[in-house]
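Participant: For reference, the structure I am asking about is given below.
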Amino acid sequence: MDLIIRRGHIVDPSQGIDFIGSIYIENGLIVKIENTGTTVEPGITRVLDASGLYVFPGLVDMHAHLREPGFEYKETIKSGTSAAVKGGFTSVCCMPNTKPVNDNETVAEFIVKKALSEGFCNVFPIGAITKRQEGVELAEMGMMKDAGCVAFSDDGRPVTDSLLMRRALEYSKVFSSPIISHAEDLSLSNNGVMNEGYLSTTLGLRGIPAASEVIAIKRDIELAALTGGRLHIAHCSTAGGVRAIREAKRDGIYVTAETCPHYFHLTEAETGGYNTAAKVNPPLRTKKDVEAVREGLIDGTIDVIATDHAPHHRDDKLCEFDRAAFGISGFETAFSLSLALVKGGLLTLNQLIEKMTIRPAQILGLSKGSLREGVEADIVIADLNKDFIVDPEQFVSKGKNTPFNGWRLSGMPVITICKGKVKYHLNNSLMAEGI
Amino acid sequence: MDKDLLDIKSAATADIELILNTASSFKDVLSRDIKKVPTLRGKTAVNLFFEPSTRTKTSFELAEKRLSTDVINFVVPSSSVAKGETLYDTIKTIESYGIDFIIIRHQFSGVPHFISRISKASVINAGDGINEHPTQALLDAFTIKEQKGTIAGLKIAIVGDISHSRVAKSNIYCLKKLGADIRLIAPHTLIPTGIENDVTEIYHDIESGIADIDVIMTLRIQQERQSGGFFSSTDEYFKFWGLTLKRLGKARPDVIVMHPGPMNRGVEIASEVADSRHSVINTQVTNGLAVRMAVLYLLDSARPRK
């Protein structure tokens, strides 16, 4: 036995586990999980005492930007995965809007290899749907799949051509890969920079109406119904979008969806004073939308909580609001912000962990997000009562761009283990037993 | 007073009134033979214009010179910004000259607010994107007060492209604070979301909108709005929303007609109206000088001394 985590409160929705027990790890794999007393072979096994702590499958983030290759000044695979494990994630999926775009096996292989040599956790690339994300011709999905891509998306540059989107949903079926839709009607968005409403008028900023997202979600749902393809809706931010997904699921259309912490915590009001840290796409919406997104998480309409970790350099945000980059650095706050839903009584801990582990793993067809015997030991140990104040200067990520600066949050990962190896620990006190 | 004039929306009503009263004194100065006063001698103003402007820039420059301020003009076509210097660096460079005022005109909303966060100088918004043009609203309020004696209780119509007009936005906030009864008149495409919160009534038909009005402000209609699909042609716009003498007849007999310039005769306003006895368009230009002098003077005293 290489490592035993004992006396921790284990929650693993993939197996319906919710008890205080022990996890045995050998050769990087989980070999046993039990709720009886731990048998320790003295002197041979390293033991990690998780008394008073919770133990979950390592979190799975199906929507992140690691910026490498091409934008290493914003983030690298090394810095990004380092931030990910600090946030409790052991698997992250990186979007293809790199330079060059991840639209072929060479770029996909580069990311996979770089992650293996420098990364702190598992990295699963998401390939582009179309070549150069230009929305004209399909990219080589099959070859990218072979190189390690787990889904396809033209994130940020949605496929506007409905026929091409239809083909993508059809063609990807053969590879059993989901098509992830950044649902936005670009013509309706009309280069907007925030949510459209009274506030955008007041600030004199061009607005993106909620309808821009809702129309695109509805189109893609119709195309999923038409093709039987696997559609996943990224970062749902609107009440209308949640409603459309709920109806589609009720009608038996195979569609899944995610949202991000900023869409269930923040409204457009954050944009006041031209605060570029709150500039994100889709934009922060209204209170009504925040309520609807929360409702969607509660009733299961929204399957997954993802980060949409979008790190940017200081210069990309310290500028005119119109010129500022869209995006929020999310790895290091996502778990705590999501846990707030549990603390607020909206979700059970089991529901939350499901949405951050096994659900995204199932959607992507990954054997992750579970503590089943025989799988790689990707585990996060969290202290659900540890309070902290969000300070971007303490972020490991190169991207310090967060609208949550100064928020007091409760609960954080203290140890993150990937493939049986400790990749992050909050401090050394917990490591006293020989790790 | 704050050290900056960034917008009217957050300005205190008392400050607006103070500016208008101070402007009266400066208007007296402008009627003298020697129009220059030493009030701001030794102070330096930078007119930083990222958008083409003749009227506003000239007005600010003259106001600065009338107050004996040293003036630097920094006209930055967007193309040279594209060459690489960030706005942050531009401001830091300008600030290193030891300047007291930055008068900023920019195509993006919120740029004056951004500059105010990174600069110790007094920042005056000379028009930012589709957000605000505060000194225009102040000079309009000054003109209305001069013509009508008061603003509270007046029925004031703003006609035209409200959606893309920073002049309209600043005027709405200013006149609302001063107690006017504001009507907007425009096709639905040119009415911005939520603006009903700030005005008394919205009309889409100019004839009924103009009835019993004391003041009409017409706004410039930009040709590019046609390609944006906001209306179909300038001819059709004029037919339905243009200010003609006939329509003006529906207003109160002593109605005044205003326009921030530059005008498109035959698009938003008929020539006969622009040149009629109701028009105070040229008075607005003169008053612009007095109001800008007042703003410079008051902000200078509000700025913390070194």
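Participant: Mind checking which residues of the stretch B:100-142 are surrounded by fewer than 24 Cβ atoms within 10 Å (Cβ to Cβ), among the polar types (S, T, N, Q) and touching a residue at least 40 places away in the same chain (Cβ under 8 Å)?
Facilitator: B:Gln107, B:Ser116, listed by residue number.
Participant: Now for a different question. Having 1 or more residues that are away from every other protein chain (no Cβ under 13 Å) and touching a His at 6+ places or on another chain (Cβ under 7 Å) is the bar; report the strands (runs of 3 or more DSSP E) wholly within the stretch B:171-218 that clear it. Before the answer, list the steps.
Facilitator: On the way: elements: B:181-185, B:201-203, B:215-218.
Qualifying strands (runs of 3 or more DSSP E): B:215-218.
Participant: Filter the stretch B:97-124 down to residues that are more than 11 Å from every other protein chain (Cβ to nearest Cβ) and polar (S, T, N, Q) and give me whichever is nearest to the chain's Cα centre (by Cα).
Facilitator: Looking at residues that are more than 11 Å from every other protein chain (Cβ to nearest Cβ) and polar (S, T, N, Q), I get B:Ser122.
Participant: Can you confirm whether the stretch B:249-271 contains a residue that is in a helix (DSSP H, G or I), touching a Gly at 6+ places or on another chain (Cβ under 8 Å) and not small (Gly, Ala, Ser)?
Facilitator: We begin by selecting, within the stretch B:249-271, every residue in a helix (DSSP H, G or I); these are B:271.
Subset that is touching a Gly at 6+ places or on another chain (Cβ under 8 Å): none.
Within the stretch B:249-271 (the criterion being in a helix (DSSP H, G or I), touching a Gly at 6+ places or on another chain (Cβ under 8 Å) and not small (Gly, Ala, Ser)), the answer is no, since none of the residues qualifies.
Participant: Among the listed residues B:Ile158, B:Ile213, which satisfies the condition of being in contact with a helix residue (DSSP H, G or I) (Cβ under 7 Å, 6 or more places away or on another chain) and buried (at least 20 other Cβ atoms within 10 Å of the Cβ)? Give the derivation first.
Facilitator: Values: B:Ile213 fails: in contact with a helix residue (DSSP H, G or I) (Cβ under 7 Å, 6 or more places away or on another chain).
Checking each option against the conditions leaves just B:Ile158.
Participant: How many residues does the stretch B:236-274 contain that are within 21 Å of B:Phe142 (Cα to Cα), β-branched (Val, Ile, Thr) and more than 20 Å from the chain's Cα centre (by Cα)?
Facilitator: Total meeting the criteria: 1.
Participant: Just the residues that are of a type in the set (Val, Ile, Thr) and crowded, with 20+ Cβ neighbours inside 10 Å, please, taken from the stretch A:291-326.
Facilitator: First pass over the stretch A:291-326, keeping only residues of a type in the set (Val, Ile, Thr): A:293, A:298, A:301-302, A:304-305, A:307.
The answer is A:Val293, A:Thr301, A:Ile302, A:Val304, A:Ile305, A:Thr307.
Table: residues versus (1) assigned to a strand (DSSP E or B); (2) touching a Lys or Arg at 6+ places or on another chain (Cβ under 6 Å); (3) surrounded by fewer than 14 Cβ atoms within 10 Å (Cβ to Cβ); (4) at pLDDT below 95.
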position	(1), (2), (3), (4)
A:Ile23	yes, no, no, no
A:Thr36	no, no, yes, yes
A:Thr39	no, no, yes, yes
A:Pro42	no, no, yes, yes
A:Leu48	yes, no, no, yes
A:Val55	yes, no, no, no
A:Met62	yes, no, no, no
A:Leu66	no, no, no, no
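Participant: Of the conditions (1) without any contact (Cβ under 8 Å) to a residue 60 or more places away in the chain; (2) in contact with a Ser or Thr (Cβ under 8 Å, 6 or more places away or on another chain), A:His312 fails just one. Which one is it?
Facilitator: (1)
Participant: Looking at this structure, is A:Ala115 of a type in the set (Gly, Ala, Ser) and closer than 25 Å to A:Ile415 by Cα? First the steps, then the outcome.
Facilitator: Values: of a type in the set (Gly, Ala, Ser): yes; closer than 25 Å to A:Ile415 by Cα: yes.
Taking the combined requirement at face value, the residue satisfies it.
Participant: Also, quick follow-up: Would you mind finding the one in B:Gly242, B:Gly261 that is modelled with pLDDT under 95 and under 27 Å from B:Thr56 (Cβ atoms)? Write out each step before concluding.
Facilitator: Working: B:Gly242 fails: modelled with pLDDT under 95.
Step by step, each of B:Gly242, B:Gly261 is checked, and only B:Gly261 is modelled with pLDDT under 95 and under 27 Å from B:Thr56 (Cβ atoms).
Participant: Being surrounded by fewer than 24 Cβ atoms within 10 Å (Cβ to Cβ) and either modelled with pLDDT under 95 or not charged (D, E, K, R) (or both) is the filter here; which residues of the stretch A:382-396 pass it? Give the derivation first.
Facilitator: Residues of the stretch A:382-396 that are surrounded by fewer than 24 Cβ atoms within 10 Å (Cβ to Cβ), as a first pass: A:383-396.
Selection gives A:Leu384, A:Asn385, A:Phe388, A:Ile389, A:Val390, A:Pro392, A:Gln394, A:Phe395, A:Val396.
Participant: Residue under question is B:Ile221, and the condition is that it be farther than 16 Å from B:Ala180 by Cα, in a loop (DSSP other than H, G, I, E, B) and of a type in the set (A, V, I, L, M); does it hold? Break it down into steps so the answer makes sense when it comes.
Facilitator: Working: farther than 16 Å from B:Ala180 by Cα: yes; in a loop (DSSP other than H, G, I, E, B): yes; of a type in the set (A, V, I, L, M): yes.
So B:Ile221 passes the test.
Participant: Could you check the stretch A:152-174 and list, in sequence order, the residues that are in contact with a Lys or Arg (Cβ under 9 Å, 6 or more places away or on another chain) and crowded, with 17+ Cβ neighbours inside 10 Å?
Facilitator: Once the filter is applied, which keeps residues that are in contact with a Lys or Arg (Cβ under 9 Å, 6 or more places away or on another chain) and crowded, with 17+ Cβ neighbours inside 10 Å, the stretch A:152-174 yields A:Phe152, A:Met165, A:Leu169, A:Ser172.
Participant: It is to be established whether one or more residues within the stretch A:235-256 are polar (S, T, N, Q) and within 14 Å of chain B (Cβ to nearest Cβ). Spell out how you get there, then give the answer.
Facilitator: So in the stretch A:235-256, the residues polar (S, T, N, Q) come out as A:237-238, A:256.
Filter once more, so that each one left must be within 14 Å of chain B (Cβ to nearest Cβ): none.
No, every residue in the stretch A:235-256 fails to be polar (S, T, N, Q) and within 14 Å of chain B (Cβ to nearest Cβ).
Participant: Now a separate question. Show the residue pairs that are 6+ apart or on different chains and have beta-carbon atoms under 8 Å apart, the first residue being within the stretch B:10-32 and in a helix (DSSP H, G or I), the second being among the polar types (S, T, N, Q).
Facilitator: Partner pairs satisfying both residue conditions: B:Ala23/B:Asn287; B:Lys27/B:Thr286; B:Lys27/B:Asn287; B:Leu30/B:Thr286.
Participant: Moving to a separate point now. Among the helices (runs of 4 or more DSSP H) confined wholly to the stretch A:249-343, which include 3 or more residues that are assigned by TED's automatic domain parsing to the domain that holds A:Gly204 and under 19 Å from the mean Cα position of the chain (by Cα)?
Facilitator: Those helices (runs of 4 or more DSSP H) span A:261-265, A:287-299, A:331-343.
Participant: When you go through B:Leu67, B:Leu87 one by one, which is the residue that is modelled with pLDDT of 95 or more and either closer than 13 Å to B:Thr44 by Cα or surrounded by 20 or more Cβ atoms within 10 Å (Cβ to Cβ) (or both)? Break it down stepwise before answering.
Facilitator: Working: B:Leu87 fails: modelled with pLDDT of 95 or more.
Within the list B:Leu67, B:Leu87, the selection yields B:Leu67.
Participant: Would the stretch B:144-165 turn up any residue that is assigned to a helix (DSSP H, G or I), more than 12 Å from the chain's Cα centre (by Cα) and not charged (D, E, K, R)? Can you show your working first?
Facilitator: Going through the stretch B:144-165, the residues assigned to a helix (DSSP H, G or I) turn out to be B:144-148.
Narrowing further to those that are more than 12 Å from the chain's Cα centre (by Cα): B:144-148.
With not charged (D, E, K, R) added as a condition, the list becomes B:144, B:147.
Checking the stretch B:144-165: at least one residue is assigned to a helix (DSSP H, G or I), more than 12 Å from the chain's Cα centre (by Cα) and not charged (D, E, K, R).
Participant: Determine whether the stretch A:175-193 contains at least one residue that is more than 30 Å from A:Ala278 (Cβ to Cβ) and surrounded by fewer than 22 Cβ atoms within 10 Å (Cβ to Cβ). Walk me through how you get there before you give the answer.
Facilitator: Applying the first criterion (more than 30 Å from A:Ala278 (Cβ to Cβ)) to the stretch A:175-193 yields A:175-177.
Remaining after also requiring surrounded by fewer than 22 Cβ atoms within 10 Å (Cβ to Cβ): A:175-176.
The answer is yes, given that some residue of the stretch A:175-193 is more than 30 Å from A:Ala278 (Cβ to Cβ) and surrounded by fewer than 22 Cβ atoms within 10 Å (Cβ to Cβ).
Participant: Another one. Given the conditions (1) more than 14 Å from chain A (Cβ to nearest Cβ); (2) under 20 Å from the mean Cα position of the chain (by Cα); (3) not in a loop (DSSP other than H, G, I, E, B), report the number of the one that B:Ile94 does not fulfil.
Facilitator: Only one criterion is unmet by B:Ile94, namely (2).
Participant: Here is a further query. Are any of the residues in the stretch A:109-125 buried (at least 24 other Cβ atoms within 10 Å of the Cβ), assigned by TED's automatic domain parsing to the domain that holds A:Asp315 and hydroxyl-bearing (Ser, Thr, Tyr)?
Facilitator: No: zero hits.
Participant: So is A:Val242 under 25 Å from A:Asp322 (Cβ atoms), in the same structural domain as A:Leu318 (by TED's automatic domain parsing), modelled with pLDDT of 95 or more and of a type in the set (A, V, I, L, M, F, W, C) or not?
Facilitator: Numbers: under 25 Å from A:Asp322 (Cβ atoms): no; in the same structural domain as A:Leu318 (by TED's automatic domain parsing): yes; modelled with pLDDT of 95 or more: yes; of a type in the set (A, V, I, L, M, F, W, C): yes.
Taking the combined requirement at face value, the residue does not satisfy it.
The values are calculated or read from the model by the stated rules, or taken from the named source; none is laboratory data. On a predicted model such as this, the values are computed, not experimentally measured, just so you know. Cβ coordinates were reconstructed from backbone atoms using ideal geometry, including for glycine residues, and neighbour counts include every protein chain displayed.
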